[in-house]
1. What residue, of 9, 13, 59, 64, is in contact with a strand residue (DSSP E or B) (Cβ under 8 Å, 6 or more places away or on another chain), surrounded by 12 or more Cβ atoms within 10 Å (Cβ to Cβ) and either at pLDDT 75 or above or within 29 Å of residue 101 (Cβ to Cβ) (or both)?
2. Identify, from the list 120, 135, the residue that is within 21 Å of residue 43 (Cβ to Cβ), free of Cβ contacts under 8 Å to residues at least 40 places away in the same chain and under 15 Å from the mean Cα position of the chain (by Cα).
3. Is it true that residue 82 is part of a loop (DSSP other than H, G, I, E, B), closer than 30 Å to residue 47 by Cα and free of Cβ contacts under 8 Å to residues at least 60 places away in the same chain?
4. Going by the conditions given, is residue 107 at pLDDT 85 or above and part of a loop (DSSP other than H, G, I, E, B)?
5. Could you say whether any residue in region 112-119 is crowded, with 17+ Cβ neighbours inside 10 Å and in a strand (DSSP E or B)?
6. Give the number of residues within region 19-51 that are under 12 Å from the mean Cα position of the chain (by Cα), outside any strand (DSSP E or B) and either modelled with pLDDT of 95 or more or surrounded by 15 or more Cβ atoms within 10 Å (Cβ to Cβ) (or both).
7. For region 97-109, enumerate the residues that are exposed (fewer than 14 other Cβ atoms within 10 Å of the Cβ) and closer than 26 Å to residue 58 by Cβ.
8. I'm told residue 158 meets every condition in (1) touching a residue at least 60 places away in the same chain (Cβ under 8 Å); (2) over 19 Å from the mean Cα position of the chain (by Cα); (3) more than 16 Å from residue 43 (Cβ to Cβ) except one. Can you identify the failing condition by its number?
């Protein structure tokens with residue numbers, strides 16, 4: 001899986017150097033859902049023919065912790081074909097990271113514990129605009145670096161599939 005993701009990133013970067021013309025974002029706004037390691041809703045606002053800002057409200061939960069993040073990204077779009085484009089961008093997020101209450105193996109109870117989380121985010125992906133429909137599908141990798149007590153960088157974990165309604 002790691003090799004597939006590395007190949008995907010290499011292909012997307014290569015396409016960027018090969019095609020320097022502007023992508024034509026076909027709508028002013030788009031709203032939808034993002035699925036993957038962080039599920040949530042996303043909203044994109046087009047600033048120019050080749051640039052947009054995107055906001056993602058995501059929720060992650062597992063047996064140990066809960067996380068809510070509001071991500072803001074500035075994105076650049078490049079065409080591949082009439083219906084496909086690739087994009088990359090950068091931004092940041094703010095959110096809440098909460099460890100769930102638990103009882104350890106010795107029977108000791110530990111209260112829930114939460115903290116503010118800040119991160120620096122990047123994004124690279126491809127988007128398909130469905131012909132004759134106001135729908136766009138995108139697949140992306142969104143690495144980020146967290147500034148919390150257990151700071152970490154996530155490079156290949158945050159893969160996402162987004163489905164957006166364009167208007």
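1. 59
2. When all the criteria are applied, what remains is 120.
3. When the stated conditions are applied, residue 82 passes them.
4. yes
5. Checking region 112-119: at least one residue is crowded, with 17+ Cβ neighbours inside 10 Å and in a strand (DSSP E or B).
6. Count: 1.
7. 101, 102
8. The failed condition is (2).
The values are calculated or read from the model by the stated rules, or taken from the named source; none is laboratory data. All values derive from a computational prediction rather than experimental measurement. Heads up, the Cβs are rebuilt from the backbone with ideal geometry, glycines too, and the neighbour counts pull from every protein chain shown.
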